């Protein structure tokens, strides 16, 4: 009988994670292909900018690890709201968990990130999710409310 692998959750510096993150970002990009407005754009992550934002203290990277290997991640931009400077907000950048670790690990990663952000004084967390997706259902289960829709239009040129 296989032994269940314990998944751990932690905050890590994004600069140290690139070798582990890039294969997951590529898998995420491939998986989203059919529904992504960026399917005809090559994946070209601006690691230097992410590293600079992280060094400024304005990015949080949370990982899910199984046997030391990154199997999921959640990234947030964190800062005071530009219209309400006393309100610390975290805006979801990206979240992905390998298919074989989805389910409870996905839920636990979202909860871990939320608790960590709250402990830092964040009072509002926003996520983006494809309508009707498993992720959207998890967020609703956790008490998140859908308050806006994002509209995207491709401009040829």
- Task: Output the residues belonging to the stretch 18-58 that are more than 21 Å from residue 99 (Cα to Cα), surrounded by 17 or more Cβ atoms within 10 Å (Cβ to Cβ) and in contact with a strand residue (DSSP E or B) (Cβ under 6 Å, 6 or more places away or on another chain).
- Result: 53
- Unique residue being closer than 14 Å to residue 62 by Cα and surrounded by 13 or more Cβ atoms within 10 Å (Cβ to Cβ) when the list is 117, 139: 117
- Please enumerate the residues belonging to the stretch 117-136 that are without any contact (Cβ under 8 Å) to a residue 24 or more places away in the chain and either within 28 Å of residue 41 (Cβ to Cβ) or not in a helix (DSSP H, G or I) (or both). 129, 131, 132, 133, 136
- For the stretch 142-153, the count of residues that are loosely packed, with under 12 Cβ neighbours inside 10 Å and in contact with a helix residue (DSSP H, G or I) (Cβ under 8 Å, 6 or more places away or on another chain) equals 1
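Just so you know, all these numbers are worked out from the coordinates, no wet-lab data involved. No experiment lies behind these values; they were computed from the predicted model shown. Don't worry about glycine lacking a Cβ; one is built from the backbone with ideal geometry, like all the others, and counts go over all protein chains shown.
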